[in-house]
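Student: I have a structure here, written as structure tokens, and I will follow up with some questions on it.
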Amino acid sequence: MPPLLVRDVMTIGVPVCRDTEACGVVAARLNGEAVVVLDDDGMACGWVTRRNLLENAFRLVGDVMDEDIPTIQPEILAEAAAQIMRDRRVEYLFLMHSWPGEPRPSAVVSLKAIEGRLRGTEAAR
């Protein structure tokens with residue numbers, strides 16, 4: 001069985017919002033657990049989790065977002081990506097594409113998804 005890679009467990013498409021939106025409004029429409037924040041030019045400038053949005057419902061997203069977007073490449077071993085998340089204490093890593101111009105989110109991978117697939121792979125052996 002080939003090794004499990006990030007591309008095997010990533011979800012294509014990333015929810016986005018503007019940094020000028022209210023956290024509560026974004027949380028109400030968010031289907032996932034994390035969102036990438038876009039600036040006025042439509043470029044990725046940060047990210048925020050649903051939990052953080054709910055805890056700060058009446059503030060602006062730009063005031064509570066983390067500007068350091070945790071990223072990963074699709075060809076990385078999923079097990080290595082999971083360890084990176086644990087080390088950085090994040091539950092999500094984003095895959096970004098930068099053509100044309102500045103990076104924009106293209107996919108997301110969660111620690112929960114990786115651990116679930118790894119457990120399933122081990123159970124199948």
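The values are calculated or read from the model by the stated rules, or taken from the named source; none is laboratory data. Note that this is a predicted model, so its numbers are computed, not measured. Quick reminder, even Gly has a Cβ in these numbers, built from the backbone with ideal geometry, and neighbours come from all protein chains shown. What goes into the accessible areas is simple: the full protein's heavy atoms, side chains included, and nothing from ligands, DNA or RNA. Shrake-Rupley method; radii C 1.70, N 1.55, O 1.52, S 1.80 Å.
Student: Taking only DSSP H segments of four or more residues, each worth -39500 (n - 2.57), what value at 222 nm results for the chain once the sum is divided by all its residues, to the nearest 500 deg cm²/dmol?
Tutor: Computed ellipticity for the chain at 222 nm equals -9500 deg cm²/dmol.
Student: Residue by residue through the stretch 60-77, which ³J(HN,Hα) values in whole Hz follow from phi under the Karplus form 6.51 cos²θ - 1.76 cosθ + 1.60 (θ = phi - 60°), with glycine and proline marked x?
Tutor: 7, 4, x, 7, 10, 5, 9, 6, 8, 6, x, 10, 8, 9, x, 8, 6, 4
Student: Got the relative contact order for the stretch 17-117 handy, in percent, Cα pairs under 8 Å and 6 or more residues apart?
Tutor: Reported relative contact order: 23 percent.
Student: Of the DSSP beta bridges with both residues in the chain, give the percent that are antiparallel, rounding to the nearest 5.
Tutor: 80
Student: Which residue, I76, V37, L4, has the largest displacement toward the positive end of the dipole of the chain when charges sit on each Cβ (Lys, Arg +1; Asp, Glu -1)?
Tutor: Checked the options; the winner is L4.
Student: Same structure, new question: Amide H of A34 versus every other amide H placed in the peptide plane: which residues, excluding those fewer than 5 positions away on the same chain, fall under 5 Å?
Tutor: R50
Student: With a probe of 1.4 Å, find how much accessible area the chain has per residue, and write the answer as a whole number in Å².
Tutor: Dividing the accessible area of the chain by its residue count gives 60 Å².
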